Amino acid sequence: MKFEHIPVIATETIENLNIKPDGVYLDLTLGKGGHSKMILERLSNEGILIALDQDKEAIEAAKENLKDFSNVIFVNSNFEKIDEVLRDLGFDYIDGALMDIGVSSYQIDNADRGFSYMKDGPLDMRMNQENELTAEIIVNEYSQDELEKIFFEYGEEKFSRLIAKNIIKAREDYRIDTTFKLKDIVTKSIKSNEAHPEKRVFQALRIEVNRELDVLKDTIDKVVDHLNKDGRLAIITFHSLEDRIVKNKFKDLATDCICPPEFPVCVCNHKAKVKIITRKPITASKKELEENSRAKPAKLRVCQRI
């Protein structure tokens, strides 16, 4: 299957990175390289782009898409390892970074990857296919309490208890090893007129499989510490849990004191590292939404190192 992915809020993202032609930039979620290509078009021959993706298929697709550029370094790695990636490449600081936190169109549309509730396929959901944990293992081996917690916290699913209970009951008779087997259990558990009530459970499992929220929190701190003065970090999110993490993390990083308000004096000695560029998130334009409906939930937030 051909690797296809349309970058979202692309123009606004690149404009907000304030790219210096001779700078060093990071694309921490390469995909097919749509955003990367726009960065490279603004770099001189002295500028460098370091492009990461944990999906080997994405790396291969991006290499083809960016074959006309010689100043890009491809790295097959999770962005949580950015400290060691930069160390190994000999870079202490960078001038900007981009994170597009979401599943690519290719991953969604490829039934074999198990992300989609629209197509039947193996219950996988791994962004890095070398990892051991899959959605199938979670669904068939986690306890009822563990499943309920995942669905409630990562999917904000109000029927999480009933869904978990019905999964436990179903797996007494058969192994839940495909997306449609899981979808059938979930839709029968939820009393809703929604078109796809199973979407929150699939989201929750994907987050658990790939440790997405923990990795996001840790990586924001790491990237900010590697930014040169006035360097910017742009993050695109696709659901409220991610956006809340980015919003709160940026707020903490832009605040001098983060002591509880009841403390009479500051004891944390925390100093602001960034200023927030986007007080409100940037969303897709009407024109973009007409061309790519998958951009609808996307939100862009940007901060700048001080």
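Since every read-out is calculated from the coordinates, none of them should be taken as a lab result. Remember, it's a predicted structure, so these values are computed and weren't measured experimentally. Glycine also receives a Cβ, built like all others from the backbone with ideal geometry; neighbour counts cover every protein chain displayed.
Lys183: which aspartates and glutamates have alpha carbons under 15 Å from its alpha carbon, excluding same-chain residues fewer than 8 sequence positions away?
Once the sequence-local aspartates and glutamates are set aside, what remains near Lys183 is Asp120, Asp124, Glu136, Glu157, Glu194, Glu198.
Under 5 Å between amide hydrogens, which residues at least 5 positions from Ile6 or on another chain qualify, with H placed 1.01 Å from N in the peptide plane?
Amide H to amide H, under 5 Å and 5 or more residues apart or across chains, Ile6 pairs with Ser105.
Among the lysines, select those whose C-alpha is under 24 Å from the C-alpha of Lys287, and discard any that sit fewer than 8 residues away in the same chain.
Within reach: Lys32, Lys37, Lys296, Lys299.
Can you compute 3J(HN,Hα) from phi for each residue in segment 33-40, using the Karplus curve 6.51 cos²θ - 1.76 cosθ + 1.60 with θ = phi - 60°, rounded to whole Hz and x for Gly and Pro?
Values per residue, Gly and Pro as x: x, x, 5, 4, 4, 5, 5, 4 Hz.
Tabulate in residue order the Karplus-calculated ³J(HN,Hα) for segment 292-303, using 6.51 cos²θ - 1.76 cosθ + 1.60 with θ = phi - 60°, rounded to whole Hz; enter x for Gly and Pro.
8, 5, 5, 7, 4, x, 5, 9, 10, 10, 9, 10
Quick one: which residues, 5+ away or cross-chain, put their amide H under 5 Å from the amide H of Ile73? H built at 1.01 Å from N.
Amide H to amide H, under 5 Å and 5 or more residues apart or across chains, Ile73 pairs with Leu49, Ile50, Ala51.
Counting pairs of alpha carbon atoms under 8 Å apart in space and at least six apart in sequence, what relative contact order in percent does segment 21-87 give? Numbers along the way, then the final one.
Details: 112 pairs, mean separation 23.4, N = 67.
Relative contact order comes out at 35 percent.
With charges set only on the Cβ (+1 for Lys and Arg, -1 for Asp and Glu), what does the dipole of the chain come to about its Cα centre, in debye to the nearest 20?
1080 debye
Of Thr237, Ala295, Leu205, which is farthest towards the positive pole of segment 181-306's charge dipole, taken about the Cα centre with +1 and -1 on the beta-carbons of Lys, Arg and Asp, Glu respectively?
Ala295
Divide by every residue of the chain the summed helix terms, -39500 (n - 2.57) for each DSSP H run of at least 4, and state the resulting mean residue ellipticity at 222 nm, rounded to the nearest 500 deg cm²/dmol.
So the helix-based figure for the chain works out to -12000 deg cm²/dmol.
Report the full-extension gain for the segment Asn248 to Cys268: residue separation times 0.36 nm, less the Cα-Cα distance, to one decimal in nm.
The span from Asn248 to Cys268 would gain 5.4 nm if fully extended.
Quick one: net charge of Asn76's neighbours, Cβ under 9 Å, K/R +1, D/E -1?
Spelling it out: positives minus negatives among the neighbours equals -1.
Give the residues of segment 119-160 whose amide nitrogen is closer than 11 Å to a point set 7 Å from the Cα of Lys56 in the direction of its Cβ.
Label zone hits: 129-131.
Which net charge results for the neighbourhood of His239, defined as the other residues with beta-carbon distances under 11 angstrom from its beta-carbon, given Lys and Arg at +1 and Asp and Glu at -1?
Summing Lys and Arg as +1 and Asp and Glu as -1 gives +1.
For the chain, modelled as a GNM with alpha-carbon contacts under 10 angstrom, which of Glu262, Glu12, Glu64 fluctuates the most?
Evaluated over the chain, the most mobile residue of the options is Glu262.
Using Cα pairs under 8 angstrom and six or more residues apart, how large is the relative contact order of segment 92-217, in percent?
Over segment 92-217, the number comes to 27 percent.
For Gly231, enumerate residues with amide H under 5 Å from its amide H, sequence gap 5+ or separate chain, H modeled in the peptide plane.
Arg305
Run the simple label-point estimate for Asp145 and Leu289 please: 7 Å along Cα→C-beta, distance reported in nm.
Calculated label separation equals 4.3 nm.
Distance from the Cα centre of segment 235-306 to that of segment 1-60, in angstrom?
21 Å
Suppose each label sits 7 Å from its Cα in the direction of the beta carbon; what would the Asp225-Ala195 distance come out to in nanometres?
According to this spin-label approximation, the distance is 4.4 nm.
Pick out which of Pro264, Pro281, Pro21 has the largest mean-square fluctuation in a Gaussian network model of the chain, springs linking Cα atoms closer than 10 Å.
Pro264
Given a cut-off of under 8 Å on Cα pairs at least six residues apart, what relative contact order in percent is computed for the chain?
On the way: 536 pairs, mean separation 54.5, N = 306.
Value for the chain: 18 percent.
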